[in-house]
Each structure stands twice: as C-alpha cells, then as structure tokens.
C-alpha cells in the first residue's frame with residue numbers, strides 16, 4: 001500500500017536479492033515502493049506489492065502485473081531506470097530513499113551509477129541509503145552521520161565529488177580530527193571499526209562516500 005504521509009520511498013532494482021533479510025530491516029509497508037526495471041522480479045519473489053513499476057524492462061524476466069501502475073521508458077535514454085525511479089519519487093515529494101537490489105550484481109558500472117544517484121539526492125538535501133543484507137552506503141556532503149549499537153561493524157570512507165574531504169571521526173578504532181582524505185593518496189579511510197555504542201563521522205568540508213559493513217549473524 002502506498003505511503004505518502006511519511007514521505008519515504010523504496011526503490012527496488014534488478015540485482016538479485018538473496019533473502020527476505022533486507023525487507024525485514026526495511027519494511028516495504030512503510031514506504032512508497034517503486035520497482036525499477038528488473039526490480040519487479042525481486043518484488044514478486046518476496047511478495048512485495050509495488051506502487052509503481054518503471055523502466056524499459058530489458059532486464060526483467062517477467063512483465064509487471066497488470067494491476068501495478070507502470071511507466072514504460074525507451075531503451076535509449078539519458079537516465080538509468082533507477083535514476084528515473086528516484087526522479088518520480090522526488091516529484092511525489094519524497095524526502096528519504098532506500099535503494100535495494102541496486103548494489104553488486106554482474107554490472108559494476110551500475111553500482112557506480114547508483115553512487116551518483118545517492119550524490120544527486122544528497123545535493124538536494126534528501127536522505128538516502130544504498131543497501132543490501134550486510135552493507136549500507138551513504139553519501140554525505142558537509143554534514144554528519146551517526147551509527148548506534150553497531151559495535152564491531154566496519155566503516156570505510158572515501159572522498160567523492162571532489163579530490164578531497166575533511167573529516168572528523170569519533171567512536172572508531174582509528175579516530176580523525178579535521179583530517180583530509182585525498183583521492184589517490186596513501187592514507188585511505190578503509191576498514192575502520194566501530195568500538196563504542198555510538199559512533200559519528202563528520203564531513204567538515206566536502207563530500208564523502210561512507211560504507212558500513214555489518215558482519216552477518218551466525219546461522220543466517
């Protein structure tokens with residue numbers, strides 16, 4: 001069921017989603033759900049009812065159900081199907097976005113494209129995360145992000161949309177205080193670890209990609 005009131009949008013992409021775990025963390029019932037192209041297959045697999053399907057459907061194994069509102073796009077176009085889905089969400093007034101089935105898969109270039117989708121949203125003051133079962137990716141510009149009750153998770157930070165960014169970390173194994181990270185330099189923000197119940201990464205100047213990896217629980 002469409003949820004306009006809380007202005008939260010879920011975009012489901014074509015990268016195969018292996019289990020229900022990500023939908024248990026992000027409940028589709030709390031979002032306006034848009035399937036981008038082959039995301040319609042992920043939705044069908046886990047009985048998620050989309051509010052809208054959009055794309056050229058060149059990567060979909062099946063056509064969208066007749067009862068689902070569908071916007072068909074040409075194969076040759078400037079925007080990706082995922083970006084087109086986000087643009088619809090923005091036109092509907094959505095303020096936060098969760099992108100599932102948009103990370104990994106056979107096409108590495110599509111993952112890079114989806115980082116640019118996060119950047120597009122960050123530049124417009126919207127909250128967004130690119131997520132799978134174990135990994136969450138954020139783009140933060142001149143702001144901060146806090147993680148709570150995630151002790152032991154791994155955090156990596158990279159400059160984005162510019163050659164460098166200035167950072168301050170707290171609650172991480174290797175803290176930084178107003179330190180620059182520069183693309184192509186030997187100092188890399190890879191594989192830091194959250195060591196307190198609350199950790200914060202502050203992007204003082206510039207823009208950064210922040211990758212949070214939470215190891216899967218045993219038995220999953």
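The table below gives the values:
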read-out: Helix 81-91 axis, angle to the chain major axis (alpha carbon atoms, nearest 10°); value: 90 degrees
read-out: Radius ratio Rg over Rh of region 8-133, counting only Cα atoms, Kirkwood formula for Rh; value: 0.92
read-out: Whole-number percent relative contact order across region 8-133, with pairs defined as alpha carbons under 8 Å at least 6 apart; value: 29 percent
read-out: Pairwise FRET efficiency - residue 186 versus residue 116, Cβ, R0 = 25 Å, nearest 0.05; value: 0.45
read-out: Computed lengthening from residue 71 to residue 204, 0.36 nm per intervening residue step minus Cα-Cα distance; value: 43.9 nm
read-out: Cβ-Cβ FRET estimate between residue 124 and residue 19, R0 fixed at 22 Å, reported to 0.05; value: 0.10
read-out: Ordering of 158-164, 69-75 by burial proxy (mean other Cβ atoms within 10 Å per residue, highest first); value: 158-164, 69-75
read-out: Tensor-based shape of region 181-220 (alpha-carbon gyration tensor, a/c under 1.5 rounded, otherwise prolate or oblate); value: prolate
read-out: Extension gain (nm, one decimal) between residue 161 and residue 178, 0.36 nm per residue minus Cα-Cα; value: 4.3 nm
read-out: Translational diffusion of region 140-213, µm² s⁻¹ [Kirkwood Rh, Cα pairs; Stokes-Einstein; 25 °C; 0.890 mPa s]; value: 206 µm²/s
read-out: Tensor-based shape of region 94-220 (alpha-carbon gyration tensor, a/c under 1.5 rounded, otherwise prolate or oblate); value: rounded
read-out: Tilt relative to the chain, helix 108-122 - C-alpha long axis, 0 to 90 degrees, to 10; value: 80 degrees
read-out: The chain - mean residue ellipticity at 222 nm from DSSP helices (-39,500 (n - 2.57) per run, n ≥ 4, rounded to 500); value: -5000 deg cm²/dmol
read-out: Bins of 10 Å, starting at 0 and running to the largest distance - Cα pair percent for the chain; value: 8, 33, 34, 19, 5, 0
read-out: Relative contact order of the chain, pairs being alpha-carbon contacts under 8 Å that are 6 or more residues apart, as %; value: 18 percent
read-out: Stretch gain in nm, segment residue 87-residue 142, where the contour uses 0.36 nm per residue and the Cα spacing is subtracted; value: 17.5 nm
read-out: FRET efficiency for residue 7 and residue 62, using Cβ-Cβ distance with R0 set to 35 Å, rounded to 0.05; value: 0.70
read-out: Value of relative contact order over region 140-213, rounded to a whole percent, pairs C-alpha under 8 Å and six or more apart; value: 51 percent
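No lab work stands behind these numbers, since they all come straight from the coordinates. As the structure is a prediction and not an experimental result, all values here were calculated from the model. Glycine also receives a Cβ, built like all others from the backbone with ideal geometry; neighbour counts cover every protein chain displayed.
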